[in-house]
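Shown next, in structure tokens, is the structure this report addresses.
The values are calculated or read from the model by the stated rules, or taken from the named source; none is laboratory data. Model, not experiment: these values are computed from the prediction. With ideal geometry, Cβ positions are generated from the backbone for all residues, glycine too; neighbour counts draw on all protein chains shown.
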Amino acid sequence: MSSTFTVAAAPAATGSATAGKALYTGNACFACHGTPPSQKKILNGANLTTLTNSFKNVGEMTGYSFTSQQLLDMNAYLKTPNI
Ligand code: HEC
């Protein structure tokens, strides 16, 4: 079988910054965290554990429910917030 590796065929366990940006916009994170993301410690979300825990620990954010892939995508975006 072909084993040619391309960026488009990246494994699902990798976050997509572009998809993360869409999630950030679509879920109104910008209402509290700004555009591009800069406010209320948002860039700490470049750390996946901090991002994941923020939805459990920050009272304003406990209403969200994201899959692990969505968390990976937002994590990738917060590592490169100026895309
Ligand atoms: C209603 C306002 C609000 C919205 C909407 C919101 N947040 Fe937050 N967020 C906060 C507050 C308040 C904090 C805590 C800031 C502090 O501790 O100074 C925070 C903190 C964070 C942190 C840092 C946690 C830490 O421990 O350093 C991350 C990452 C984060 N938010 C991500 C997001 C993402 C991603 C979204 C959208 C899915 C989002 N937030 C939507 C209010 C919000």
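Just name the residue that is farthest from Asn57 (Cα to Cα) out of those in the stretch 28-44 that are free of Cβ contacts under 8 Å to residues at least 40 places away in the same chain, more than 6 Å from the ligand (Cβ to nearest atom) and in a loop (DSSP other than H, G, I, E, B). Of everything passing the filter in the stretch 28-44, Thr35 is farthest from Asn57 (Cα to Cα).
Test Ala8 against the stated conditions and say whether it is at pLDDT below 95, assigned to a helix (DSSP H, G or I) and more than 12 Å from the ligand (Cβ to nearest atom). Judged against the criteria, Ala8 is a match. Working only within the stretch 47-78, note down all residues that are within 8 Å of the ligand (Cβ to nearest atom) and assigned to a helix (DSSP H, G or I). Matches in the stretch 47-78: Thr50, Leu51, Asn53, Ser54, Phe55, Asn57, Gly59, Glu60, Met61, Met74, Leu78.
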